[in-house]
Structure formats: structure tokens, C-alpha cells
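Worksheet: one structure, shown below.
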Amino acid sequence: MASVFRLLRTLQSNNGLLCKASSQPAFSRLPQQMGRHHGSAPLTRYRCAYTRAVPLASAAFSTSSHPMRKKVMFPGSLNSEYTHELSFASSVESIPTYQVMDTDGKVLDPANEPQVSEEEAKTMYRNMLTLNAMDQILYESQRQGRISFYMTSFGEEALIGSAAALDPKDLVFGQYREAGVLLQRGFTIEQFMNQCYSNEKDLGKGRQMPVHYGTKELHFQTISSPLATQIPQAAGAAYAMRREGSKLCTICYFGEGAASEGDFHAGLNMAATLGCPVIFYCRNNGYAISTPSIEQYRGDGIASRGIGYGIDTIRVDGNDIWAIYAATKAARTIAVEQNKPVLIEAMTYRVSHHSTSDDSSAYRSKKEVEDWSKRDNPISRMRAWLENKGWWVKGEDAEITKSAKAKVLEAFAAAEQLKKPAIRHMFEDVYSELTPELVREKEEIEALIKKYPDYYQVNDYAKS
Ligand SMILES: Cc1ncc(C[n+]2csc(CCOP(=O)(O)OP(=O)(O)O)c2C)c(N)n1
Ligand SMILES: [Mg+2]
């Protein structure tokens, strides 16, 4: 409302005609004034208020706001037609889901045949298998008490297609279930293990929970646990990229549950209004821990919200790696060439428990999960596509999975042997120089450790 006042005042001062005779705020007088003339519903009266008043003001509004026009240029609704039918907009047709191949790996429209080399396609598939193998081992390792926490990507492996469609320098803002993106970018199994074991080689210096990866080298921002904080950050970073003229974009992954956070709305609106080259990638996997999507919102998924913010939006089959690949490639072109955000809603299913702290049998049936993994499995779909192309030999998977598992186990055993990060890291990297308070705390800890070395198990930590 304040901005309406401001607008009317501006118009008033621009030509001195609007509401000239009164010292009352323009908008407050309009209903009574119009009521005298029209006596209809309040909405109609406000509408008339504009159509009467605005022609006297700036040229930008004058033509389109003429009383005889079909459309009005309200400052907040630029293309709305008048209607005499009193009705509330509730739903429009459901946004379609873009698909390239069916569940048997058959490309449905030859025009959509993926434009990738055999090697590129095989690398993506190998990464899907490796992700799966790594998830199985790390999940078990948490169950054995060797790491504190873990989250798997079972059922969501096709996300790798989005990473393959990006420039390696595009900046990634993840939520936590995007290990596949890191694999595709070249994060090594050793680096995954070192992070999950919080050892001295962990790039995060042991300051994060397992799976909260981050790597400057691979342009992947460190995951942070509070949901959706990455969304406005991704919009802001994209804005900086635009200002630098870098011709890069950011990609921001989040779940449909995180899209209920305020930060989602702030981030999307900011990106839309400022023209930020960011791809918002929503993994709609059906659940936010125990809350099914169906209880999370009433509208047409997350995609309808993109349109609400004036963002180019597409919904894709999130188990179809080629649909994801094509949509992300096209989204990137829009983002970078037109300096605009894009929203992708990828429809998938979380086969795994939410995390090692969750038992999903408490809120969904085992049968539901089994049905999904059998009926629509992103890995078998991709394998079928490769086989149809003649690029994959039946049974090759077993060999790859076996060697991936061996590699993970080896890296895992090595990571377990390494020391924890040096204690000094607890105090560093927030300020370029330690504050007097931090210096005092550091000295206090050092004194305690010296006094009680056994209690603090100092030998478990790296010295420097
Ligand atoms: C601000 C905030 N609120 C609540 C949580 C607890 N939490 C962690 S994950 C999660 C569910 C998120 O679901 P979704 O975004 O759909 O992602 P998914 O786990 O399905 O991949 C919740 C509620 C949190 N981490 N941060
Ligand atoms: Mg979810």
C-alpha cells in the first residue's frame, strides 16, 4: 500500500493534475469518490480510480489505462484483461513433464536423441554406478558406527545429467543429496571418504557433518544444513557473475521440502527481478523426511511457483537422465545468454531413507518403495538406453560395480587411518586474524590439553 501512495504522489508531483484539489492522500479518497459514481464492488472502484486518475499523469500509463481499453496497465499487473465475471483463479492445467526416453530406454521422439559422445554417456553411467556403490558402503559404515551420519542418493542418480550439462566453472550450490554432481565434476573417492571421516585431509578441516562437501577447485560451495539458505546465496552469486560479465551461471539444488522455506521465495524473487543467471533445480522426490509432497503444498508442485515469479520454468522426468541433461543445457543457455533465472522441477522418488537418522518404514510402506525402484529406476533406464545404442554389453555393470566397491573400500580404509584435523583449525578461517577473544580461547584449550592429554586423546589429531 505504501508503494501505491508513493506512486500516486509521484504522478501528482509530475504534472500537478492528479488529486490536485485535496491535501488528502490520493488513494484514500478514491473509494468514496468512485463509490459516488459507480457504487459497485470495491475492486471495480479501485480499478476505476486508476482509469480515471492515471490518464492525467505519466504517458507510460495513459494509453493503456484509458477507460475504454480492454487491458489496464496497473503498475503491478502489466497485462491483465478486464472481466465482468466474478471468479477466483484457482488452478490452471498441470504443467507437463518433459521426457526424452521411456522406462525401457527408448527415445520417444527421434528429434530428442541425446547429442553426446559414447565416452560422455559411458562416463555418466559409470558415475551413476559408482555413486550407488559408494552410497551402499558408506551407509553400512554409518550403521557400524564408523562415521556419524550419511545420506544416500538411491533413486535420484539421474541428477548426474544436470552436472554433465553445465560448464565445469558454473558455481554449484547444493542441499546435501547431490554427491552425483561432485562425482561428475571429478571429486575423487578419496575426497569423499576424507570428508565423511573428517580427517586431516578433509577439505572442510573437520568442521562439517559428513556429506557436507565443498570444493573451491571444482566450484562447489560447501553444503550447509539449514534448509534453503543456499537459494538466495545462489541468486546473489549469479548476480555477481552477471556484473562481472563472466558468462557463467550458478545452479542451485534443493528439495521440494526446502521450497517451503522463506528463503526459497526471497531467492526466486530476487533472481527474477534482478535478472540473475541462476538455474534453480528442485529435486521433487516425494518426501521431506516423513512429510509427503502431497502434504507439503496444494498448488501444481514447485514449477507453478516459478511461473508465479515470472521465471522460465520446466518440469522434467527426474529419472530420465537425458531429459535432465537437455533441460539443464537449455536452461543454462537462457540463464547465461539472457541473464535470467530458470526453474527446473525434476520429478523423482527418494528410494532411500531420508538419512541414517531416519527409518522410512514408519511413514511409507516397503511395497511403495519396492514398486518405485522396480518400475522406474534411473540406472536401469540409462543402461537400457546404452544397450539400445550398442554402447554397453550386458553384464558390464557387475564388473564396474565390483571395481567401484573395491576402490571405495580401499579409500575408506585409508581415510580411517588418518588423523583428525589439527586442533588449531577450530579457531581459524572465520577472521583473517584471530580476534583477542579467540586467542584467549585457543590458549585456554591448549593449556587444558597439555594438562589432560589422555582425556583429550591428542594423538588422534594432526600436530599442525
Ligand atoms: C531450516 C531447516 N528446517 C528444518 C530442517 C530439518 N530438515 C532437514 S532435511 C529436511 C527435509 C527436506 O526435504 P527436501 O527439501 O524435500 O529434501 P530431500 O531430503 O527430500 O532431498 C528437514 C525438514 C533443516 N535442516 N533446516
Ligand atoms: Mg524431498
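Coordinate-derived values only; no laboratory data. The structure displayed is predicted, hence computed values, not measured ones. Glycine gets a Cβ as well: all are built from the backbone with ideal geometry, and neighbour counts include every protein chain shown.
Sorting check: for 441-450, 252-261, 80-89, which peptide has the highest mean count of neighbouring beta carbons within 10 Å, and how do the rest follow?
Values: 441-450: 12.3, 252-261: 24.2, 80-89: 7.2.
Going from most to least packed, we get 252-261, 441-450, 80-89.
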Item to check | Residue-by-residue Karplus 3J(HN,Hα) for region 374-380, coefficients 6.51, -1.76, 1.60, Hz, glycine and proline x | outcome: 7, 6, 9, 10, x, 6, 5
Checklist entry - Using the Karplus equation 6.51 cos²θ - 1.76 cosθ + 1.60 (θ = phi - 60°), what ³J(HN,Hα) coupling, rounded to whole Hz, does each residue of region 163-172 give in order, writing x for Gly and Pro? => result 5, 5, 8, 9, 7, x, 8, 4, 8, 9
Checklist entry - Suppose R0 equals 56 Å; then what is the FRET efficiency for Ile307 and Lys402 from their Cβ-Cβ distance, rounded to the nearest 0.05? => result 0.75
Next on the checklist: Can you give me the long-range amide H partners of Tyr287? Hydrogens built in the peptide plane at 1.01 Å from N, cutoff under 5 Å, separation of 5 or more residues or another chain.
Outcome noted: Ser293, Arg350
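Can you tell me the dipole magnitude for region 98-417 around its Cα centre, using point charges on the Cβ only (Lys, Arg +1; Asp, Glu -1), in Debye to the nearest 20?
420
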Item to check | 3J(HN,Hα) from dihedral phi, region 251-262, Karplus parametrisation 6.51/-1.76/1.60, rounded to Hz, x for glycine, proline | outcome: 10, 10, 8, 7, x, 5, x, 4, 5, 8, 7, x
Checklist outcome for this item: Expected sort for 418-426, 312-320, 186-194, 357-365 on mean C-beta neighbours within 10 Å, highest first, is 312-320, 186-194, 418-426, 357-365
Next on the checklist: Compute the angle between helix 230-244 and the longest alpha-carbon principal axis of the chain, please, reported from 0 to 90 degrees and rounded to the nearest 10.
Outcome noted: 80
Item to check | Global geometry of region 98-417, whether rounded, prolate or oblate, following the gyration tensor of its Cα atoms and the 1.5 cut on a/c | outcome: rounded
